[in-house]
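The values are calculated or read from the model by the stated rules, or taken from the named source; none is laboratory data. Since we're looking at a predicted model, the values are computed, not measured. We place every Cβ from the backbone using ideal geometry, glycine too, and count neighbours over all the protein chains shown. Calculation scope for accessible area: heavy atoms of the full protein, side chains included, ligands and nucleic acids excluded. Shrake-Rupley method; radii C 1.70, N 1.55, O 1.52, S 1.80 Å.
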Amino acid sequence: MPNMRADKNPMPEQAPDVRNKNFLEVTTGYTEEMARDEADRCLNCKNKPCMNGCPVSVKIPEFISFIKTGDFEGAYQKIKETNALPAVCGRVCPQETQCESKCVRGIKNDPVGIGRLERFVADWHMANVEEKIEKPKPNGKKVAVVGSGPSGLTAAGDLAKRGYSVTVYEAFHTAGGVLMYGIPEFRLPKDIVQKEIANLKAMGVDIQTNVIIGKTIMVDELLDDMGYDAVYIGSGAGLPSFMGIEGESLNGVYSANEFLTRINLMKGYKFPEYDTPVYVGKNVAVLGGGNVAMDAARSAKRLGAENVYIVYRRGKQELPARAEEVEHAEQEGIVFKLLQNPTRFIGDENGWVKQMEVIHMELGEPDASGRRRPVPVEGSEEILDIDTVVVSIGQTPNPLIRKTTKGLETNRHGCIVADEATGKTSREHVYAGGDVVTGAATVILAMGAGKAAAEAIDKELSE
Amino acid sequence: MAYKIVRKEVLNPQIFLMEVEAPLVARKAEPGQFIILRIDEYGERVPFTVADFDREKGTVTIIVQIVGKTTRDLAQVEEGEYLLDFAGPLGMPTPLEGIKKVAVIGGGLGTAIAYPQAKKLHNLGADVTVITGFRDKSLIILEDELKAVSDKLIITTDDGSNGVKGFVTERLQELIDAGEKFDEVIAIGPLIMMKNVCKVTEPYGIKTTVSMNPVMIDGTGMCGGCRIIVGGETKFACVDGPDFDGHKIDWDSAMKRGRMFREYEQRSCDEGHCRIGRSNNNA
């Protein structure tokens, strides 16, 4: 008999006023008992609606059935059939709009905690099972993958499994992309990412760091001179957008990319043990309402800021961040200044930001995105004392590749145009997926695109 | 993968040269471009302009002035040892084709960066005047190298200890006053020097290209830390530059941004991870 309790097993976590002073993981994960109890809430529906909500079609009811019987390794292997990075997805996927949004239990009560179960299974495997990775038999064909974020890693893993000799090129000194530079340690421990990458290397994937495709090596050279049969571009959306308002070049104004890269990739939170500093003042304004904004705000708090504000031009309902991140941010003392939009930054004589002017907004008619358009309320300007600003209003793809690759079609946002089902681009043997195609989106969508492209590349090269 | 230092030479008490084995970077490097290096796991990512390259040997040369934590640590890494990371080439090459008569101006360490520009212009057949300035005679670098690639070489010192006293701007003004007609001036050095060179050339409408070297992390357009206001627009030095039209730069903002992490630099020097006395066995 299924467990018909209405609510999800709560996730054990560090107390908010403790965790907002450290960079250890916020949530500590289910115990075996909690996992089995939560698994029993799954009705094992015949038509598996949850799977339709998953961009990589994890066999959700099947893996949960393994948990019910205590076969956690069986559950892990079931997830692994379709998802290369379960420990990552269990932590950062927006389950509430994906798998869990389709769960039948969610109609009347809480849906099954699918994400929490996925994470439990992945962590259990890492802690208890020694990875035995076999190198697949080489098929004699070579594929280059550009970018080592979630999309590139997924494509690389799927191709390596099929026997391709895969080289991943990464511009930074460490592989992992946004999983390393963007998402903070307290939400996704870096050891987990590096373990997944080590597994790929054990499978034979070659990872070349410090290589900037479009600068160090061109896409055409990969195909024409270096003998790659296909290229997969998963270079992400790395170019930060700025507001374009007065005072944005003042000291103390960061892009979220710079702020988070200093903290996460360069370990600025351990300065001066690590050489890279990160300045955080007393009053921090983070502009934007997505996951990146939540990460920046919560990081600023942990680095000692007294007041941290999320400044977002729409309302709470419209915040694009995962529900859990918003909730965690509120618990940690982040103040949400909703329906407000910055209009200028005011600096002191030394060029440091000291104040920010905002204008209050109200919601008008729905816009193209279906969300109600924020409209400024005339005369509602207000000045806030602010000494650090993190601009987190979005990223677009880096132009290095599109500028150096002839015949690669891109759209007006600078995204590479690629077929959704296969990742095929306008250039022969060149595939693309993830944020470089969609614009900034989620880890799991990028993984789904990497997976689809790996399949299409395999199909093309096997013909 | 690490990057071997095949040659290290001390040029003056504060400036040294490192020739680094980095074949992929050497293959593509052009004057005006830069690399980003990290000494070890604890290190910052710091940009250095390409001072020279040898495509056949697969090496890239950088010239470093000891100014802060990373450069101080870098001075401790010896020939035969390795740097953990060395990525590039980054930024746009300086467009040098078509220039007929040029003044290349280097201030202090900027001289090292001016050298590959002068060399390429010379090889392209341009008439090259090089003006470089140093605080005093003991700090003069690359004299022979510059002599070999210039039609006229003027070395000036702040204290006159080499026999020529004054700033590069004064020497440039003298040449202009004497009727020299430059189609372009390329200035590389401290911000204040480049700003002042622009002040000299502006009344004559001489195109003046400067090389900016702001704080950055990735060097590929990702962090936006290197933003500079050029002609009222925000540009990223790493991908749009590092060279810009000096007459359009907002120098005041650039100088203030250059001071953003100054206090941290001092703390890093005083309390940071100490590399002195430890060999760099990154290999």
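Points to keep in mind about this one:
- For the range A:68-122 versus the range B:172-211, the gap between their alpha-carbon centres in whole angstrom: 65
- Our compactness index for the range A:145-265, the C-alpha radius of gyration over the empirical 2.2 N^0.38 Å, is 1.19.
- Accessible surface computed residue by residue for the protein assembly as shown, with neighbouring protein chains in place and a 1.4 Å probe, gives 40 Å² per residue.
- Simple Cβ-charge dipole of the range A:321-449, Lys/Arg +1 and Asp/Glu -1, about Cα centre, in debye nearest 20: 920
- Taking a quarter of the surface of the Cα convex hull of the range B:182-250 gives a mean projected area of 4.5 nm².
- Shielding of peptide A:248-258 by partners, expressed as the average count of other chain Cβ atoms within 10 Å per residue Cβ, is 5.
- List of the range A:151-177 residues, accessible area with partners at least 10 Å² below that of the chain alone (1.4 Å probe): A:Ala171, A:Phe172, A:His173
- Whole-Hz ³J(HN,Hα) from phi, Karplus 6.51 cos²θ - 1.76 cosθ + 1.60, for the range A:289-306, glycine and proline x: x, x, 4, 5, 4, 4, 4, 5, 5, 5, 5, 4, 4, 5, 8, x, 5, 6
- Portion, in percent, of the accessible area of chain B that falls on carbon or sulfur, probe 1.4 Å: 50
- Over 27 Å [Cα-Cα, the range A:312-463], rounded percent: 47
- Rounded to the nearest 5, the antiparallel percentage of DSSP beta bridges internal to the protein assembly as shown is 50%.
- Label zone (A:Ala15, point 7 Å along Cα-to-C-beta; backbone nitrogen cut-off 19 Å) within the range A:309-331: A:328-331.
- Note, ³J(HN,Hα) from phi for the range B:192-205, Karplus 6.51, -1.76, 1.60, rounded to Hz, x at Gly and Pro: 5, 5, 5, 4, 5, 4, 4, 4, 5, 7, 4, x, 9, x
- Of all DSSP beta bridges in chain B, antiparallel share, percent nearest 5: 60
- The protein assembly as shown: translational diffusion in µm²/s, Stokes-Einstein, Kirkwood Rh over Cα pairs, 37 °C, 0.692 mPa s: 119
- Its Kirkwood hydrodynamic radius, worked out from the mean inverse distance over all distinct Cα pairs, puts chain B at 19.2 Å.
- Nonlocal Lys pairs with alpha-carbon distance under 24 Å, the range A:315-463 (8 or more apart, or different chains): 7
- Lysine pair count for the range B:1-142 [Cα-Cα under 18 Å; pairs on different chains or 8 or more apart]: 9
- Rg and Dmax, both from the Cα atoms of the range A:366-431 and both in Å, are 19.4, 56.
- Between A and B, accessible area buried - total, square angstrom, nearest 100, 1.4 angstrom probe: 3900
- Diffusion coefficient, µm² s⁻¹, Stokes-Einstein with Kirkwood Rh over alpha-carbon pairs of the range A:219-265 at 20 °C and 1.002 mPa s: 152
- Three principal axis lengths of the range A:1-65 [C-alpha, angstrom, descending]: 45, 29, 19
- Percent RCO, i.e. relative contact order, over chain A, from Cα pairs under 8 Å lying at least 6 residues apart: 16
- From helices alone, the protein assembly as shown scores -8500 deg cm²/dmol at 222 nm; the rule is -39500 (n - 2.57) for each run of n ≥ 4 DSSP H residues, then divide by the residue total.
- Interface burial in the range A:272-294 reaches 10 Å² or more for A:Pro272, A:Glu273, A:Tyr274, A:Asp275, A:Thr276, A:Pro277, A:Val278, A:Tyr279, comparing the full protein assembly with the chain by itself; accessible area from heavy atoms with a 1.4 Å probe.
- Label zone of A:Glu330 (point 7 Å out along Cα→Cβ, amide N under 20 Å): in the range A:82-102 this covers A:94-98, A:101.
- Between the C-alpha center of the range A:402-456 and that of the range A:159-185 there is a gap of 16 Å.
- Exposed loop sites here are trypsin sites (Lys or Arg not before Pro) assigned a DSSP state other than H, G, I, E or B and surrounded by at most 16 other beta carbons within 10 Å; excluding them, the longest clear run of chain A is A:133-281.
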